[in-house]
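Undergrad: Sharing a structure, written as structure tokens. Questions coming.
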Amino acid sequence: EEQRSLLLSSASQFPLPDGFKPSYGTAGFRAEASVLRSTVYRVGILAALRALKTQSVIGLMITASHNQVSDNGVKVADPSGGMLTQDWEPFADALANAPTPDHLVRLITEFVEAEKIELGGEKKKVEVLVGRDTRPSGLSLLEAAKLGIGSIIGAVAIDVGILTTPQLHWMVRASNRSTQASEFDYLEQLSRSFRCLMDLIPGGAESNEGDDKLAVDGANGVGGEKLLVLKEMLNLKGLEIEVRNSGREGGVLNEGVGADFVQKEKVVPSGFGSQDVGIRCASLDGDADRLVYFTVPSKNSSKIELVDGDKILSLFAVFIKEQLSILNKVADGNTGNDYQCRIGVVQTAYANGASTDYLKQLGLEVVLTPTGVKYLHEKASIYDIGIYFEANGHGTILFSEPFLLWLEAKNDELSSVAQGPEQRKAALRLLAVSKLINQAVGDALSGILLVEAILRHMGWSIHKWSELYHDLPSKQLKVKVVDRTAVVTANAETEVVKPPGIQEAIKAEIAKYSKGRCFIRPSGTEDVIRVYAEASTRDEADSLASSVAKLVD
Ligand code: NG1
Ligand code: ZN
């Protein structure tokens, strides 16, 4: 009864705006910030219930990633640090759309009963960590989230301030595993494991002459500021990280800057230009969970040479494969490897066809999932080492517990014998990678450090890396539609099953081009149908995309 009146009184402060139909999409709820207060309040309730149900720390992140600054959004991190379990998404939708406080309370009561959630009681309070990006609307939405969490008896909101999305996910995961779960612990772990990788570079970490500078575009978001802090802690020799568009210079979040802009438009972000010809450049998105690299090929053009998520994945895969093969070498007097490490690579249909061919040619198992981190992450977690990336730069490397335990044991075993120093180093490198790279979600900051360490290790320039394979020309378009749910896809979004007839028409278009590949899917974050096309020349890719876009219109 106390619970009921608490909910009714707080809910009345957050009416659902007229005509607003929020839906929990690829990345939680996203919309124009001014309509989101009721949604964020309700997600606060949901996060509190999730914390009670799991008796664990849960995360709530207020961000709209690469969207324009006037948008905002909210998503929930589960105890593992991953995305909210998909089973709860329908409840999230129902809560967000409840028309009145009475409806809302009824939904909650039913759900609490069905899920057998114990409210309140004498038990220790469960915690929801609330983070936000740098958007001005974040502060008012934070208040809404706190009120939502606070209106569930037995749950408490902890404001962890302005963070990158991956930092919040990391902290949730760490909180449920150990006591060292602060932002400082995160930064410490990243810098320690990075230094360890650099110390293990054959012949030392000396940079290639003239190749020691990295210029990073922070998208005028939270990532640049955090990278500056990390840089101080790293105290790097021979690697100079220059952060631009950190938000301090007055630029607007995601406007003409950031990983999404760079990857989709393939032009230099503002703050970059002819002075950067030949320099290694990287771009983060607004909440620093995406990372792409690029170079400026010539003084006279705004075009860039993109090194996207597929290529970051390929770099990681090459390095990990190398370490595994060192580990697998049976040295004299050594028992050799006694663990069959299963390594897998996970991509979506947006992965450039050339990258998939390259990875398969390396002998790796490659699987496709639908768009959305939750699908990629889930698939990658079935391997001992699962590497996943979206072409747009969101990805990470997951290590299984049994494999990590085996690596630790192997490392101990090898430290006591004279043989196999190379194997021991390989084991140490893999352990360092598992600590450096975020185990919860894709993380641009840890991604940068891993890319930089691997380039040093290989002695590769960004050019050498970029030459691993040549991207097939590709084109992305979006078509505004009244009802994006009318398009239904199958086979990891590579085929349309509804409306009838479209798939046949797409196939007929594809057949006109050499190396043609094309698919359409409804966006999970915007009211559009996305079209992706690939073909052997730029013109062909463009023309395939636009002819298929006409089929949708
Ligand atoms: P949608 O709008 O569903 O295509 C976009 C990205 C996803 C993912 C989400 C969440 C593309 C084609 N799609 O999803 O990969 O990053 O945003 O941010 O880039
Ligand atoms: Zn993002």
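The values are calculated or read from the model by the stated rules, or taken from the named source; none is laboratory data. Note that the coordinates shown come from a computational prediction; the quantities given were computed from them, not determined experimentally. We place every Cβ from the backbone using ideal geometry, glycine too, and count neighbours over all the protein chains shown. Accessible surface is based on the protein model in full, side chains and every heavy atom, while ligands, DNA and RNA are left aside. Shrake-Rupley method; radii C 1.70, N 1.55, O 1.52, S 1.80 Å.
Undergrad: Could you sort 339, 186 by accessible area so the largest value comes first, with the probe set to 1.4 Å?
TA: Working: 339 50, 186 0 Å².
These residues rank, largest area first, as 339, 186.
Undergrad: State, to one decimal in nm, how far the label point of residue 185 lies from the label point of residue 483, with both points 7 Å from Cα in the Cβ direction.
TA: 4.9
Undergrad: Which FRET efficiency, nearest 0.05, do residue 123 and residue 32 yield, Cβ-Cβ r, R0 41 Å? Please list the in-between numbers first.
TA: Working: r = 39 Å, r/R0 = 0.95.
Efficiency computed from Cβ-Cβ geometry: 0.60.
Undergrad: Could you rank the peptides 143-149, 355-361, 376-382 by their average count of other C-beta atoms within 10 Å per residue, with the highest value first?
TA: Ranked by mean Cβ neighbours within 10 Å, highest first: 143-149, 376-382, 355-361.
Undergrad: For the chain, with all protein chains present and a 1.4 Å probe, just round the carbon and sulfur fraction of the accessible area to a whole percent.
TA: Answer for the chain is 51 percent, counting heavy atoms of protein chains only.
Undergrad: Which of the pairs 213/515; 264/515; 75/410; 237/360 have their Cα atoms more than 27 Å apart in this structure?
TA: From the list (213/515; 264/515; 75/410; 237/360), the Cα-Cα distance tops 27 Å for 213/515; 75/410; 237/360.
Undergrad: Hey, another quick one. How far apart, in nanometres, would the label points at residue 490 and residue 409 be if each is projected 7 angstrom from Cα along the Cα-to-Cβ direction?
TA: Computed distance between label sites residue 490 and residue 409 equals 4.4 nm.
Undergrad: Tell me, what is the per residue accessible area of the chain in Å², probe radius 1.4 Å?
TA: I get 40 Å² per residue for the chain.
Undergrad: Output the antiparallel fraction of DSSP beta bridges having both residues in the stretch 1-94, as a percent to the nearest 5.
TA: Numbers: 10 of 11 bridges.
Here the share of antiparallel DSSP bridges comes out near 90 percent.
Undergrad: For every helix of n ≥ 4 consecutive DSSP H residues, a contribution of -39,500 (n - 2.57) applies; sum these over the chain, divide by its total residues, and give [θ] at 222 nm rounded to the nearest 500 deg cm²/dmol. Walk me through the numbers on the way to the answer.
TA: On the way: 18 runs with 224 residues, N = 553.
For the chain, the value works out to -12500 deg cm²/dmol.
Undergrad: Here's a follow-up. What full-extension length gain, to one decimal in nm, is calculated for residue 156 and residue 200 as 0.36 nm per residue of separation minus the Cα-Cα distance?
TA: Taking residue 156 through residue 200 to full extension adds about 11.5 nm, to one decimal.
Undergrad: Per residue of the stretch 353-362, in order, report the coupling 6.51 cos²θ - 1.76 cosθ + 1.60 (Karplus, θ = phi - 60°) as ³J(HN,Hα) in whole Hz, putting x for Gly and Pro.
TA: x, 5, 6, 4, 4, 4, 5, 5, 5, 6
Undergrad: In addition: May I ask you to list the lysines whose Cα is less than 22 Å away from that of residue 498, ignoring any residue fewer than eight positions away on the same chain?
TA: 478, 480, 507, 550
Undergrad: Looking at the chain only, what percent of DSSP beta bridges run antiparallel? Nearest 5 please.
TA: 55
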